[in-house]
């Protein structure tokens, strides 16, 4: 049992609903567009390099990904790609924006069980319009006291969120699939975290070491958090 918690924040993508598999499907389609120039795995590496270079400018989300696909196509093809390839990449991005929201198993039951017992919050990063759209489509919005769509999830960003919520770190619990974004910054502030690994994770969110901390728990699926939070 995790005690003294008053506020529980949930990451959204790949914690409440499916996200990364859709991006990976789109990436594979983009790589297929360039198979006359480079092998798929090399195009994938080039696309990731573009994303990392542009992250400080574009941030996260589908629109940033679309721009990075276009830039990668132009670079890989040495600006010789047929305009139809560029049109296809933009089309793939629009399809990604229009994807249905697929809740992960057990999510709504967990929120129903916790609502009224804790102050529930969404703390996610990404494109504002896209994340607002997904939250509306999810049908989950009414469970949450506050929605925070962050440009980044570092210690200073969580400090700002905690100030806004008037919540001390020791009373705050963050739940998410990314050790890098959802766990480490919160633990550094003295908060609590539950890590729920997802079967596929964006390379940028991976870390190469184990994390052990007295304020960290790990579960396999979201329903497993309930015994830790409900007596």
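Go through the range 20-61 residue by residue and tally those that are part of a loop (DSSP other than H, G, I, E, B) and either without any contact (Cβ under 8 Å) to a residue 60 or more places away in the chain or loosely packed, with under 13 Cβ neighbours inside 10 Å (or both). Outline the logic, then answer.
Taking the range 20-61 and keeping what is part of a loop (DSSP other than H, G, I, E, B), we get 34-39, 59-61.
Imposing the further condition that a residue be either without any contact (Cβ under 8 Å) to a residue 60 or more places away in the chain or loosely packed, with under 13 Cβ neighbours inside 10 Å (or both) reduces the set to 34-39.
Summing the residues that are part of a loop (DSSP other than H, G, I, E, B) and either without any contact (Cβ under 8 Å) to a residue 60 or more places away in the chain or loosely packed, with under 13 Cβ neighbours inside 10 Å (or both) in the range 20-61 gives 6.
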Practice problem: Return only the number of the condition from (1) under 19 Å from the mean Cα position of the chain (by Cα); (2) modelled with pLDDT of 95 or more; (3) surrounded by fewer than 19 Cβ atoms within 10 Å (Cβ to Cβ) that residue 15 does not satisfy. | Solution: (3)
Practice problem: With the checklist (1) closer than 22 Å to residue 24 by Cα; (2) at pLDDT 95 or above in hand, flag the one item residue 164 doesn't pass. | Solution: (1)
Self-check item: Which numbered condition residue 4 fails, given (1) out of contact with any helix residue (DSSP H, G or I) (no Cβ under 8 Å at 6 or more places or on another chain); (2) farther than 17 Å from residue 205 by Cβ; (3) in contact (Cβ under 8 Å) with a residue 40 or more places away in the chain
Solution: (1)
Quiz item: Just to be sure, is residue 108 within 19 Å of residue 174 (Cα to Cα) and assigned to a helix (DSSP H, G or I)?
Solution: yes
Exercise. Within the range 75-93, count every residue that is without any contact (Cβ under 8 Å) to a residue 24 or more places away in the chain, surrounded by fewer than 16 Cβ atoms within 10 Å (Cβ to Cβ) and in a helix (DSSP H, G or I).
Key: 4
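Could you name every one of the helices (runs of 4 or more DSSP H) located completely within the range 113-231 that has at least 3 residues being surrounded by fewer than 18 Cβ atoms within 10 Å (Cβ to Cβ) and on the phi < 0 side of the Ramachandran plot? Explain how you work it out, then say what you get.
Values: elements: 128-138, 155-165, 184-188, 226-229.
Result: 128-138, 155-165, 226-229.
The values are calculated or read from the model by the stated rules, or taken from the named source; none is laboratory data. Keep in mind that what you see is a predicted model, and the values were worked out from it rather than measured. Don't worry about glycine lacking a Cβ; one is built from the backbone with ideal geometry, like all the others, and counts go over all protein chains shown.
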